[in-house]
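The values are calculated or read from the model by the stated rules, or taken from the named source; none is laboratory data. If you're wondering where the values come from, they're calculated on a predicted model, not measured in any experiment. All Cβ positions, even for glycine, are placed from backbone atoms using ideal geometry, and neighbour counts span all protein chains on display.
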Amino acid sequence: MHEGDLARCSMETRTYHDLGWYGDEAEGCLEWLVEKYGVDLIGFDFDTYYPPEFEGRSTPAALLCSLFPFVGSWIRKRRSYRPLTLGTIDQLIRFKRWSLVVVDDKSAP
């Protein structure tokens, strides 16, 4: 994330909907939270908040996504994901456990 992007963020900024994190990028950020801050993500359901890196669940869909990258974006937009905000991540860092975090769904798309 660039400094200019970071300056426009707030506690209400949504990691998938606003920043475009999903798949491997989102997973890497969550792993970093575990390693750097020692947070416990037991009970966190990745698929509730983020689409996978490659949305194609069938061979034809995976082939389409690999040949035409915009298809993956279109497929990801068809499903609804709960927002995970920077404020929620801040809580996670402070409380160290996903089970203690209060997720605010008011910022849902």
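Could you grab me the full set of residues in the stretch 1-17 that are more than 10 Å from the chain's Cα centre (by Cα) and closer than 19 Å to Gly87 by Cβ?
At the first step, the residues of the stretch 1-17 found to be more than 10 Å from the chain's Cα centre (by Cα) are 1-13.
Within the stretch 1-17, Met1, Asp5, Leu6, Ala7, Arg8, Cys9, Ser10, Met11, Glu12, Thr13 meet the criteria.
Looking only at helices (runs of 4 or more DSSP H) that lie completely in the stretch 16-102, which have at least 3 residues being at pLDDT 65 or above? Walk me through how you get there before you give the answer.
Numbers: elements: 23-37, 46-49, 59-67, 69-78, 86-95.
Those helices (runs of 4 or more DSSP H) span 23-37, 46-49, 59-67, 86-95.
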